[in-house]
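Report on the following structure.
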Amino acid sequence: MRVETLAADDGRWDQLVDAAPTPDVYFRPGYGRAYELVGEGRLVAVRTEGALFPMLLRALPFGEDGLDAITPYGYGGLLPLSADADPVTDVRQLRDWCATEGVVSALLRLHPLLGGSERLSETDGVEVREHGPTSAVDLSRVEEGRLAGMSKGRKADLNMARRELEISWKSGEEALERFRAVYDETMRRIGAGEHYLFPAEYYRALATGLGERLGVALAHRGDEVVGGSLFMADRRFAHYHLSGATDAGRELKAGTLLVHEGAVWAAARGCELLHLGGGTSGADSLYDFKRSFGGDEHAYAFATVIADRDRYDALVARRAEEPEPSRPDFFPAYRA
């Protein structure tokens, strides 16, 4: 079949996700639009013979003509559209599409729960690099509003949080603004980069694009919001997206309560797994926190697709001449 490019407002995009064996929010236009609106690139979906690739198209650096592409932040790299889809064939077709459309390179953030990354390195012009493990909780362990299988320390923290805090599930702009205030405070406290801070437009776009698939959980001590988390859910999988807590929330273990209640929320929606994600830099303390909920481990990997090797190498060489070249492990290596 001919490879197609779907615009964000093409109704067929959501229909393709709905009809896939495992539809997931990371592949939906309503998720990708939030990143388009904050300047991450122009959102499209590339449909190959057996897969769908949500991509943000970006102008090349240095004023060069042409584009590169990247999966929106998260795990929406390659969605199989049928049970017998061949990811190697589909990535080859994506590479050919890139070459035709003037896209020098593409980065696919591969979905840990869908697998298949081990075969993609068989494709010419594709490099697969493991980033680290992620954790996903089996929601069949939620019974009578309680998640079984947590570590001893996590259970103790949950008991403390339940004595001191309450969780509310809200929707609307006010709830998102209250979450944003706590989240931004958290990111600044830990010294996160500016790209981890999102404007109000980002949250409005998520709410509009995902609708009831987005859950906003706020942890309260009386009238004070001391923590919050965003969860996203589709047919089989739910995801722990963004989270934050004030100093008081950290002391009262708001993070533990929020994840626990997110699992209860996802189980009530009929999801099979709550994907908590990984650490900031592989198997770090953040990952240890997520693993303490008793989830199974999954591998998270990037696939780097280079459609025009000569131009790619020339851009990398040009970046190396800059006062602050990019890290050796950064892809594409020609971006700072």
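The values are calculated or read from the model by the stated rules, or taken from the named source; none is laboratory data. Given the structure is predicted, the values throughout are model-derived calculations rather than measurements. Cβ atoms come from the backbone with ideal geometry, glycine included; neighbour counts cover every protein chain shown. In case anyone asks, the SASA skips ligands and DNA or RNA and just uses the protein heavy atoms, side chains included. Shrake-Rupley method; radii C 1.70, N 1.55, O 1.52, S 1.80 Å.
Within region 13-47, being part of a strand (DSSP E or B) and open to solvent by 50 Å² or more (accessible area, probe 1.4 Å) holds for R42, R47.
A residue that is assigned to a strand (DSSP E or B), open to solvent by less than 60 Å² (accessible area, probe 1.4 Å), closer than 16 Å to D138 by Cβ and not basic (K, R) cannot be found anywhere in region 209-226. Can you work out which of the residues in region 285-299 that are outside any helix (DSSP H, G or I) and open to solvent by 90 Å² or more (accessible area, probe 1.4 Å) is farthest from K152 (Cα to Cα)? The residue in question is E297. In region 102-133, the residue that is modelled with the lowest pLDDT out of those that are among the charged types (D, E, K, R) and not in a loop (DSSP other than H, G, I, E, B) is E118.
Applying the selection to region 300-312, what residues are part of a helix (DSSP H, G or I) and either buried (at least 21 other Cβ atoms within 10 Å of the Cβ) or of a type outside the set (S, T, Y) (or both)? It would help to see each step written out before you state the result.
So the first thing to find is which residues in region 300-312 are part of a helix (DSSP H, G or I), and the list is 309-312.
R309, D310, R311 - these are the residues of region 300-312 that are part of a helix (DSSP H, G or I) and either buried (at least 21 other Cβ atoms within 10 Å of the Cβ) or of a type outside the set (S, T, Y) (or both).
Please verify whether A8 is of a type in the set (A, V, I, L, M, F, W, C) and open to solvent by less than 10 Å² (accessible area, probe 1.4 Å), treating the condition exactly as stated. Answer is no for this residue. Residues of region 263-278 that are touching a helix residue (DSSP H, G or I) at 6+ places or on another chain (Cβ under 7 Å) and open to solvent by 20 Å² or more (accessible area, probe 1.4 Å): A267, E272, L273. Selection of first residues in region 114-134 that are over 18 Å from A83 (Cβ atoms) and basic (K, R) and of second residues that are open to solvent by 50 Å² or more (accessible area, probe 1.4 Å) and in a strand (DSSP E or B), restricted to Cβ pairs under 6 Å at least 6 apart or on distinct chains, gives an empty result.
Just for region 48-65: of the residues that are open to solvent by 30 Å² or more (accessible area, probe 1.4 Å) and either part of a loop (DSSP other than H, G, I, E, B) or touching a residue at least 24 places away in the same chain (Cβ under 8 Å) (or both), which one is farthest from L37 (Cα to Cα)? Please lay out each step first, then the result.
Residues of region 48-65 open to solvent by 30 Å² or more (accessible area, probe 1.4 Å): 49, 58-59, 62-65.
Then keep just the ones that are either part of a loop (DSSP other than H, G, I, E, B) or touching a residue at least 24 places away in the same chain (Cβ under 8 Å) (or both); that gives 49, 62, 64-65.
Working: E49: 29, F62: 23, E64: 23, D65: 23 Å.
Among residues in region 48-65 that are open to solvent by 30 Å² or more (accessible area, probe 1.4 Å) and either part of a loop (DSSP other than H, G, I, E, B) or touching a residue at least 24 places away in the same chain (Cβ under 8 Å) (or both), the one farthest from L37 (Cα to Cα) is E49.
Entry remark, region 285-308: residues being out of contact with any Ser or Thr (no Cβ under 6 Å at 6 or more places or on another chain) and polar (S, T, N, Q) number 2 in total. On the stretch given as region 134-175, residues that are part of a strand (DSSP E or B), surrounded by fewer than 18 Cβ atoms within 10 Å (Cβ to Cβ) and among the polar types (S, T, N, Q) total 1.
Considering only region 76-113, state which residues are open to solvent by 50 Å² or more (accessible area, probe 1.4 Å) and among the hydrophobic types (A, V, I, L, M, F, W, C). Once the filter is applied, which keeps residues that are open to solvent by 50 Å² or more (accessible area, probe 1.4 Å) and among the hydrophobic types (A, V, I, L, M, F, W, C), region 76-113 yields A83, A99. Of the residues A106, A148, the single one that is touching an Asp or Glu at 6+ places or on another chain (Cβ under 7 Å) and of a type outside the set (V, I, T) is A106. Filtering region 251-262 to residues that are open to solvent by 10 Å² or more (accessible area, probe 1.4 Å) and in contact (Cβ under 8 Å) with a residue 12 or more places away in the chain leaves L252, K253, G255, E261. The residues listed here are Y183, Y196, Y202; of these, the one that is closer than 30 Å to G77 by Cβ, within 21 Å of the chain's Cα centre (by Cα) and open to solvent by 60 Å² or more (accessible area, probe 1.4 Å) is Y196.
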